[in-house]
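The values are calculated or read from the model by the stated rules, or taken from the named source; none is laboratory data. Here the structure is a predicted model, which is why all the values come from computation and not from measurement. Neighbour counts are summed over all protein chains in view; Cβ atoms, including those assigned to glycine, are modelled from backbone coordinates with ideal geometry. In case anyone asks, the SASA skips ligands and DNA or RNA and just uses the protein heavy atoms, side chains included. Shrake-Rupley method; radii C 1.70, N 1.55, O 1.52, S 1.80 Å.
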Amino acid sequence: MANSPYAPEYDIAGITDPFLHIRLLKLLRILGQGDADASDCMNDILAQVATKIESNKNAGNAILYECVGTIMSIEDNGGLRVLAINILGRFLSNRDNNIRYVALNMLMKAITVDAQAVQRHRATILECVKDSDASIRKKALDLVYLLVNESNVKPLTKELIESLEASDQEFKGVLTAKICSLVEKFSPEKIWYIDQMLKVLSEAGNFVKDEVWHALIVVISNASDLHGYSVRALYRAFQTSTEQETLVRVAVWCIGEYGDMLVNNVGMLDIEEPITVTESDAVDALEVSIKRLNSDLTTKAMALIALLKLSSRFPSCSERIKDIILQNKRSFVLELQQRSIEFNCILQKHQNIRSALVERMPVLDEATFSGRRAGSLPTSVSTSTGTARNLPNGIAKPAAAPVADLLDLSSDDAPAPSSSGGDFLQDLLGVDLSPASAPP
């Protein structure tokens with residue numbers, strides 16, 4: 001068929017009987033599956049079809065597409081498969097959306113056969129992520145997701161984040177989810193992970209799911225040498241992206257925990273630009289996050305907690321912080337009203353225990369968090385059998401710190417609470433702390 005003479009009665013756009021071509025290619029596919037000898041015999045004819053058929057007509061593209069499908073289905077021939085994937089790469093440059101879509105669809109199947117050959121067309125595939133057609137964008141994004149590995153995660157993530165900046169609102173949610181998943185899965189180092197997540201939060205923080213920014217806080221908590229770097233980077237991002245809710249939340253949490261590092265430039269890295277932040281500037285950021293019209297309840301509640309923590313670390317701003325907290329005393333939102341009254345009570349009547357109440361959170365157990373997120377560990381809270389230790393304000397506790405220690409319900413010389421006297425901790429948290437408790 002490939003070498004047959006021109007026959008006008010079977011001609012379609014200069015291609016002789018494309019329907020017969022396709023039927024024969026389907027037959028070859030059936031004959032070659034699972035048969036190495038038959039596959040070897042048909043390699044030459046498939047190579048002739050792939051190289052001689054013109055690709056500037058729809059009839060020729062239909063034959064080439066079927067030829068590629070046959071090559072991918074028969075027994076292994078490396079050179080022929082590279083040729084087939086190159087044909088699909090040419091399809092991606094076609095102006096016809098239908099041709100590009102079927103090429104992306106076929107490449108997703110081809111990546112399981114010869115990922116290296118598909119990688120050569122990475123740049124063209126990335127261009128399809130920016131396409132105006134929604135179905136092509138989504139299919140190209142799925143293909144890019146499959147192409148990412150440890151060796152190319154940095155350049156591909158950079159390209160996807162650049163695409164995120166130019167994408168429309170409808171596509172940002174899907175693209176954001178893919179980028180966050182790739183960063184978490186293939187992150188080579190924590191500082192790179194933090195940088196990429198900050199870029200995503202700054203550009204599309206409103207599309208980021210809760211579990212993603214929760215995970216970012218866990219990573220920051222575990223990176224003790226990056227606490228200062230993280231809070232400074234978040235403070236900078238907060239100044240320009242206050243409309244991104246999840247970015248504001250992470251920034252508020254870090255300022256509350258590491259505000260003293262922000263003001264004193266603790267842990268400066270060589271890659272950082274100098275920044276001057278006063279105690280008043282840090283309090284300003286938290287006040288802005290509370291008074292923003294579009295701030296939700298979670299953000300405002302986190303900001304109130306952060307202010308309470310800074311009241312102990314920034315003595316010069318303690319009166320101003322008290323005034324900001326009191327402003328929510330008559331809030332119509334019961335949660336904010338209750339926090340305001342209770343925090344004001346701590347500031348006025350419990351100065352002797354305030355420092356212990358607002359000390360830094362214990363280092364969050366990253367492995368446990370990841371396991372619970374994946375569904376492999378129970379979500380019930382467990383307590384440690386070790387003795388509680390009182391640490392000065394601003395020093396992280398061990399990762400295995402018990403819940404009773406976290407809430408300052410025990411002391412160094414106090415005996416372990418007895419379960420017979422009424423488990424007040426269980427009532428407080430609403431969880432079963434017994435060793436044999438089943439996941440809720």
Quiz item: What are the residues in the stretch 51-101 that are small (Gly, Ala, Ser) and closer than 23 Å to Leu20 by Cβ, if any?
Solution: Ser55, Ala59, Gly60, Ala62, Gly69, Ser73, Ala84
Quiz item: Out of all the residues in the stretch 164-181, which are open to solvent by 10 Å² or more (accessible area, probe 1.4 Å) and assigned to a helix (DSSP H, G or I)?
Solution: Glu165, Ala166, Gln169, Glu170, Phe171, Lys172, Gly173, Val174, Ala177, Lys178, Ser181
Quiz item: Which fully enclosed helices (runs of 4 or more DSSP H) of the stretch 273-339 have 3 or more residues being within 28 Å of Asn352 (Cβ to Cβ), touching an Asp or Glu at 6+ places or on another chain (Cβ under 6 Å) and of a type in the set (Gly, Ala, Ser)?
Solution: none
Quiz item: In the stretch 93-123, which residues are in a loop (DSSP other than H, G, I, E, B) and either touching a Phe, Trp or Tyr at 6+ places or on another chain (Cβ under 9 Å) or closer than 21 Å to Leu156 by Cβ (or both)?
Solution: Ser93, Ile111, Thr112, Val113, Asp114, Arg120, His121
Exercise. Give the residues of the stretch 39-76 that are farther than 28 Å from Asn98 by Cβ and of a type in the set (S, T, N, Q), sorted by residue number.
Key: Ser39, Asn43
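So which residues in the stretch 222-261 are of a type in the set (Gly, Ala, Ser) and crowded, with 24+ Cβ neighbours inside 10 Å?
Ser230, Ala251, Gly256, Gly259
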Exercise. Give the stretch 148-158 a look and list any residue that's surrounded by 18 or more Cβ atoms within 10 Å (Cβ to Cβ) and assigned to a helix (DSSP H, G or I), or say none.
Key: Val153, Leu156, Thr157
Quiz item: Looking at Arg292, Arg373, Arg360, Arg320, which one is modelled with pLDDT of 90 or more and basic (Lys, Arg)?
Solution: Arg320
Quiz prompt | Pairs, first more than 16 Å from Gly78 (Cβ to Cβ) in the stretch 30-44, second in a helix (DSSP H, G or I) and not hydrophobic (A, V, I, L, M, F, W, C), C-beta under 9 Å, six or more apart | solution = Ile30/Ser73; Leu31/Ser39; Gln33/Ser39; Gln33/Ser73; Ala38/Gly32; Cys41/Gly32
Self-check item: Any chance Ala36 is buried (at least 17 other Cβ atoms within 10 Å of the Cβ) and either modelled with pLDDT under 90 or more than 19 Å from Ile99 (Cβ to Cβ) (or both)
Solution: no
Self-check item: Checklist (1) at pLDDT below 95; (2) under 20 Å from Asp365 (Cα atoms); (3) in contact with a helix residue (DSSP H, G or I) (Cβ under 7 Å, 6 or more places away or on another chain) applied to Ile194, failing item
Solution: (1)
Self-check item: Enumeration of residues in the stretch 64-84 that are in contact with a Leu (Cβ under 7 Å, 6 or more places away or on another chain) and either open to solvent by 10 Å² or more (accessible area, probe 1.4 Å) or of a type in the set (Val, Ile, Thr) (or both)
Solution: Glu66, Val68, Thr70, Ile71, Leu80
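Output the residues belonging to the stretch 49-63 that are over 16 Å from Ile74 (Cα atoms) and either open to solvent by less than 70 Å² (accessible area, probe 1.4 Å) or of a type in the set (A, V, I, L, M) (or both). Quick ask: steps written out before the conclusion?
Within the stretch 49-63, the subset over 16 Å from Ile74 (Cα atoms) is 51-63.
Correct list: Ile53, Ser55, Ala59, Gly60, Asn61, Ala62, Ile63.
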Practice problem: Report yes if Gly60 is closer than 21 Å to Leu46 by Cα and out of contact with any helix residue (DSSP H, G or I) (no Cβ under 8 Å at 6 or more places or on another chain), otherwise no. | Solution: no
Quiz item: Among the residues of the stretch 217-261, which ones are among the charged types (D, E, K, R) and assigned to a helix (DSSP H, G or I)?
Solution: Asp225, Arg232, Arg236, Glu245, Arg249, Glu257, Asp260
Exercise. Could you grab me the full set of residues in the stretch 75-92 that are at pLDDT below 90 and assigned to a loop (DSSP other than H, G, I, E, B)?
Key: Glu75, Asp76, Asn77
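A quick yes/no check of all residues on (1) crowded, with 21+ Cβ neighbours inside 10 Å; (2) under 26 Å from the mean Cα position of the chain (by Cα):
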| position | (1), (2) |
| --- | --- |
| Arg100 | yes, no |
| Leu104 | yes, yes |
| Val118 | yes, yes |
| Glu127 | no, yes |
| Asp131 | no, yes |
| Leu141 | yes, yes |
Practice problem: List the number of the failed condition for Leu293; all other conditions in (1) touching a helix residue (DSSP H, G or I) at 6+ places or on another chain (Cβ under 8 Å); (2) surrounded by fewer than 16 Cβ atoms within 10 Å (Cβ to Cβ); (3) under 21 Å from Glu243 (Cα atoms) hold. | Solution: (1)
